[in-house]
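Working notes for the structure below.
Only the coordinates and a few stated rules stand behind these numbers; no lab work does. Since the model is a prediction, treat every value here as computed from it, not as a measurement. All Cβ positions, even for glycine, are placed from backbone atoms using ideal geometry, and neighbour counts span all protein chains on display.
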Amino acid sequence: MWQEINLKEDPNDLLVPNIKYKINPAEIDSIEANSIAQEIGFESGDSIISINGKKPRDLIDYQILISEEILNISVLDKNNKIHNIRIEKDQDLNLGINFKDALFDSIKQCNNKCPFCFIDQQPSGKRKSLYVKDDDYRLSFLYGSYLTLTNLKKDDWERISTQKLSPLFVSVHATDAYTREKLLKNKRARVILDQISWFEKNSIQIHAQIVVCPDINDGEILEKSIFELAKFYKKSSQTVLSVAIVPVGLTKFRPENDGLKSIGSEYAIKTIKQVEKIQASLQVTHGTRFCWLADEWYLIAGINLPSYKSYENMPQESNGVGSIRSFLKILNEKTKNLPKRVKRSKKVSWIVGKLVYEALIPTVEKLNLIDGLTINLYGLPSIYWGQEQVVTGLLTGEDLIYGLKNKDLGEAIYLPSIMLKINTDLFLDDKKIKEVENKLKTPIHVLDESNDIIDILIGI
């Protein structure tokens, strides 16, 4: 395989750093109630050193190792004492342990220089985690994050095959070798089709994405990429399961003269027509649309989103493909049988990105027919990123302060948790919820799920 795709591990190649990753004890974050771990006495702050003599490199290894009936676990407690514990259990039983990180060694960082990389389009001086450019196949398998495959070493490929880490999520961008190398600025990017062939031979499935950059990988190159990926969707073996077509996102912090162009409505309409034509062709030849456009294309174009059924099994929903249509479907179900009035009159504000604002207006209008309930829907641009049309998850604390100043906010502000760092009160610009509350003189409530606002406000 290595000669076939021409991947040599040369320690002198600066694009392939010869890094040795140290495996650290797996630190425990929390213990589930009524679990085996709780019964034994595991606590937050303890760390697992080994299981049956093997050090888990990550959550994947851990899950495989604990599938045994007899476990000999070496544990470092929070007082730095080592304990050796023997556990007998059914094979399918979990221990009930949640870890602080999914990776117990170092994260595999990206070795590409993509001009459209959002990580590189951020201002300096923010929290370190915002600048981590991961390209880790393990995070791809566990959480659906996208990777380029350019930094994989022989051991990584072998592990993917042995442990059947499938499906993976791959940033293809272009199947044309020259174009992909140009986009990723990495000579190892050229072998993408050979790598996908390897996935096919080893029964590993992938979901692909293409970030469209005008005049670089669009037009004929985009069409070529989709149809070449579709060759790996066969009746006998479906290796490439789906392709997401995503518009390039540009911020005011990106480097000058990067060669990138923003996407406007006319360009979006043109791309939608092109991809929908390809979808129709693949529906006939393959029995599936196979590729789907991210919701942003339709919102930028000012065109209605496709029907819920057209997304088939929603294979790329987590990548913003059909997610709004799915969300609107949920909202429609939740608003079918609304009460005539609320128990206590209230006026509140619901904050979303400007890009999705118009799609939510019908829902808010329906809710505002309830006697005693007033919802002010605000779709904000981002002065922080320099984006007029922005998705909700990119809104910052600064955007809220600027965009909601002197607005009628009512008694409270409701915003989705997607705006915040997971399990924290931090926005992308490192502003805290309390700081924004103080500036706007209005309490902020965070919604775990955006559709929760309906149940909360009508008192269910």
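Using the structure shown, list the pairs from LYS354/LYS441; LYS309/LYS346; LYS164/LYS277 with a Cα-Cα distance above 25 Å, or answer none.
Going by Cα-Cα distance, LYS309/LYS346; LYS164/LYS277 fall outside the 25 Å limit.
What share of the DSSP beta bridges in the chain is antiparallel, in percent to the nearest 5?
Antiparallel: roughly 45 percent of the beta bridges in the chain.
Apply the Karplus parameterisation 6.51 cos²θ - 1.76 cosθ + 1.60, with θ equal to phi minus 60°, to every residue of segment 203-219 and state each ³J(HN,Hα) to the nearest whole Hz, in sequence, with x for glycine and proline.
Working through the residues one at a time gives 6, 10, 9, 9, 10, 10, 9, 10, 8, 7, 10, x, 6, 10, 10, 9, x Hz.
For the chain, which cysteines have no second Cys with its Cβ under 4.7 Å from theirs?
Lone cysteines by the Cβ rule: CYS110, CYS213, CYS291.
Need one number: nm distance between label points at ASN72 and ASP101, each 7 Å from Cα along Cα→Cβ, rounded to one decimal.
2.8 nm
Counting alpha carbon pairs within less than 8 Å and at least 6 residues apart, what relative contact order, in whole percent, applies to segment 335-458?
26 percent
With the calculation restricted to Cα positions, what are the radius of gyration and Dmax of segment 119-319 in angstrom?
Using the Cα atoms of segment 119-319, the pair Rg, Dmax is 17.0, 51 Å.
With r as the distance between the Cβ atoms of VAL284 and ASN257 and R0 = 30 Å, compute the FRET efficiency 1/(1 + (r/R0)^6) and round to 0.05.
0.10
Counting only residues 5 or more places away or on other chains, whose amide H sits under 5 Å from the amide H of ASP46 once H atoms are built in the peptide plane?
The list, which skips near neighbours in sequence, is ILE28, LYS78.
Based on the alpha-carbon gyration tensor of segment 202-274 and its eigenvalue square roots a ≥ b ≥ c, which shape applies: rounded if a/c is under 1.5, prolate if not and a/b is larger than b/c, or oblate?
Prolate, since a/c reaches 1.5 and a/b exceeds b/c.
Write down Rg/Rh for segment 26-99, rounded to two decimals, with Rg from the C-alpha atoms and Rh from the Kirkwood relation over Cα pairs.
0.91
Near the amide H of GLN109, under 5 Å away, which other amide H atoms are found, from residues 5 or more places off or on another chain, if H is placed in the peptide plane?
It is ASP135, by chain and number.
Using the Cα gyration tensor of the chain, with a ≥ b ≥ c the square roots of its eigenvalues, what is the shape: rounded (a/c below 1.5), prolate (a/b larger than b/c) or oblate (neither)?
Cα axes put the chain in the oblate bin.
Order 370-380, 264-274, 189-199 from most to least packed using the mean count of other Cβ atoms within 10 Å.
The packing order, highest mean first, is 189-199, 370-380, 264-274.
What does the convex hull of the Cα atoms of segment 392-447 come to per residue, in Å³, rounded to a whole number?
Enclosed volume per residue, from the Cα hull, is 70 Å³.
Enumerate the lysines that LYS434 could reach by cross-link, defined here as Cα to Cα under 20 Å, with residues fewer than 8 away along the same chain left out.
In chain and number order, the partners are LYS126, LYS405, LYS407, LYS421.
Whole percent per 10 Å bin, from 0 to the bin with the longest distance: what is P(r) over all C-alpha pairs of segment 311-460?
Whole-percent P(r) values from 0 Å outward: 11, 41, 36, 13, 1.
Relative contact order of the chain: what whole-number percent is it, with Cα pairs under 8 angstrom and at least 6 residues apart?
Here the relative contact order equals 9 percent.
Quick one: which of 406-417, 391-402 comes out on top by average Cβ neighbours within 10 Å, and what's the full order, highest first?
Result, highest mean first: 391-402, 406-417.
Which order do the peptides 334-340, 24-30 come out in when sorted by mean C-beta neighbours inside 10 angstrom, highest first?
Ranked from most to least packed, the peptides come out as 24-30, 334-340.
What's the exposure ranking of MET314, MET419, going from fewest to most Cβ atoms within 10 Å?
Lowest count first: MET314, MET419.
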